[in-house]
Structures are given as structure tokens and as C-alpha cells.
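Single-structure report; data block below.
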Amino acid sequence: MEKIGILTGGGDCPGLNAVIRAVVRRSLALGNDVLGIKNGWAGLVQGFVEPLTYFSVSGILPRGGTILGTSRTNPFKQVEQVQKLKSNWQKFGLNSLVAVGGEDTLGVAHKLFKQEGYPIVGVPKTIDNDLAGTDYTFGFDTAVQIVTEAIDRLHTTAESHKRVMVVEVMGRHAGWIATHSGMAGGADCILVPEKKFNVDDVCALIRKRIDRGREFAIVVVAEGATPDETHQVLTKGGHVDEFGHAQLGGIGDWLGKQIEHKTGIETRVTVLGHVQRGGTPTAYDRVLATRFGIKAVELIREKQFGYMASLRGTEIVAVPIEEALNQKLLDPKVFDDASVFFG
Ligand code: F6P
């Protein structure tokens, strides 16, 4: 019998509970114990854990968030934290660990495996879908569904008032959410971090549409998109997390003002924010997360440490965690398809 630890780190994401459930159910069925580590890497540093049983994971499949809690703790910020993490690993008698997270959480997992030899496997997650090493991450489909529904709703009010609606969505480095939801919702313009934009071009698209007789427009902008006027990502204050990331936000408001000023058309801005990350996961995300969880236990059984579960086509495969530390930017072909409908 082995003791498997599991933690969830970074921004939460619909589907995390499905991973936890799958890891627990599969591990217990194989005769192992599972220890839930609370609040990401912070739990291992502080020794904050709870044994996970069939009862602990009962009913969590459709629930958003993570029953384990999460944080953006980087133990490598301080040598003492790594020491505490190591002594807690020993104290709890862990034989292996499943780290569920994005580039930061998996970056710590990779370092602990590579530099210190810890038996860790990974499960990639982010609503942004911007991790290399996997075709899709769970949480993304749910976020796209939420944004698409919001765009559908904004359409009817935009049409009634003959307004431009700017919708700011998540997407720090990549415009996957903006492009997929914009395409699904019929946006007239989509702005993404991968491509600097020019406000006059955006206004020209809006005018073109209005000249065709459609007296309203929907513009979707990713939070990390940058106008060529300012050349900088807009942030909310100077605070950065332990991995050096600032809180993004403000591009929607900036753009809305510019559009209204330059076109003379009344413009409203909707910032969807964390609504995109909350609530119940879609069926697709539940299935993907469940399959990732099962794969993580298989990786441990096969002692494939330093690897993570990954989606390739329709298969769940093993890839080195290191691969997820690179960014997967938007496929330009997908953006080109979306842009057929601009203006
Ligand atoms: O990384 C996922 C993400 O949702 C980004 O799109 C966004 O910039 C960030 O997390 C927000 O993080 P927080 O929850 O810390 O505000």
C-alpha cells in the first residue's frame, strides 16, 4: 500500500474536483491511501493536510472550484519553505504526489522532481488553455460556454439600444477564450494578446458593419490584449503574485472609451472576470478532468515520475511536465477563421 498526495495550485478551474475524485477513487480501488494537501504548495509547507476517502469525494463531480483549496504559493521563494516542504513530505510518509496546476504549480513540481528527485506526476489545468504539452486543458470549455452565453445575452440588449458592446474576457498570454467564444457568439471583432491591435482598425470594422445596416456591434477583448498606442498590458495596481504575475484588467474600459470617442456610437463595457472560472464544469471538462485523474494514477503505478497526463487528439497520453512550462499561443489558423466574420 502506498500513500499518494494530491494538491491543486494556481487559479481555480472548473473540473479540479473531477480530477480529485478520479485520483481518489482509482487509488483507493488499487489499495492505496490518498492524502489531500490543502491550498496548493502552501499545504505541504505548512503541514495542512486531510486524508481523502470515498466519502470526501462523494458528490463533488459537478462542483466548481476545488475542495482542497488553492494558492499561488511558490516554495522556492525561500529556502526555509523548501526545507519545511521536505520535512512534511517525510512526516506524512508520502510515496508520490499528484500536482494539479498550470505553468507555475507544474514549474514547482518539475523543479522538485528534476533537482530533488521527488516522485511527482502532473495534471495540467487552466481555463486559458495556454499550456503546451496538451491539446486542451479542462476548464477551458466551461469558460468558453460561459462567455458565449454572455455574448448571446449582450446581443439582444446591444441591438435594442444600437450600441457597441465591449466584452473583456480572461486570457493573460493567449486569446483562446476570446477567439473560441467570440467565434461561437458571433463577435464582430476579437482582440487577443498574440496580435497587437489598432483602435482605428477596430472602429473601421464597426463602421463597416453599421454601413451594412446592422446598428450594433460586439467586440471581444482578452485581458492581455495590447493596443499599439500604449504597447502595454493594462494591470490593476502594481501587486504581483509569488510567481511575478500582475493582476490584469482595464483594457475593456480603455477600449470602450476609445470606440465611443472615435465613432460617436454609445458603447458599454462588460468585464466577465471570475464568473468565467466559477460554477459547474461542462460535461466535456468533467470527462477530460476525470481521464486526466485516472492517467495520473497510472503514471504513479508505472513510476513515470516527472510526467503529466495530456490530451493528444482523443488519447490521454504521458508527456514530460517540462513541456507544459512553455506557452501554447493561439493557433493563427483558428484566429483567421474567426476573423472571416469581423466587421
Ligand atoms: O491563469 C488563469 C487566469 O484565469 C488568468 O486568465 C487571469 O489573468 C488570472 O488567472 C486571474 O487570477 P486571479 O484569480 O489571481 O485574479
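The values are calculated or read from the model by the stated rules, or taken from the named source; none is laboratory data. Given the structure is predicted, the values throughout are model-derived calculations rather than measurements. Glycine also receives a Cβ, built like all others from the backbone with ideal geometry; neighbour counts cover every protein chain displayed. Ligands, DNA and RNA are excluded from the accessible area calculation, which covers all protein heavy atoms including side chains. Shrake-Rupley method; radii C 1.70, N 1.55, O 1.52, S 1.80 Å.
Worth pointing out:
- With contacts taken as Cα pairs under 8 Å and at least 6 residues apart, the chain reaches a relative contact order of 23 percent.
- Dipole of the range 141-278, positive direction: furthest Cα of 275, 237, 259, with charges on the beta-carbon: 259
- Relative contact order of the range 141-278, defined on C-alpha pairs under 8 angstrom at six or more residues apart (%): 32
- Probe 1.4 Å - accessible area at residue 284, Å² to nearest ten: 110
- With protein chains left intact and a 1.4 Å probe, residues in the chain average 42 Å² of accessible area per residue.
- Cα-centre dipole for the range 136-282 with unit charges at Cβ (Lys and Arg positive, Asp and Glu negative), debye to 20: 320
- Positive-pole candidate from 156, 317, 293, dipole of the chain, charges at beta carbon: 293
- The portion of the accessible surface of the chain made up by carbon and sulfur, rounded to a whole percent, is 50 (1.4 Å probe; DNA, RNA and ligands excluded).
- About the centre of its Cα atoms, the chain shows a dipole size close to 780 debye [charges on the beta carbon of Lys, Arg (+1) and Asp, Glu (-1) only; nearest 20 debye].
- Across the range 53-176, Cα pairs under 8 Å and at least six residues apart give a relative contact order of 16 percent.
- Shape class of the chain from the Cα gyration tensor (axes a ≥ b ≥ c, square roots of the eigenvalues): prolate, since a/c reaches 1.5 or more and a/b is larger than b/c.
- For peptides 218-224, 156-162, 21-27, 44-50, sequence by mean Cβ density within 10 Å, most packed first: 218-224, 21-27, 44-50, 156-162
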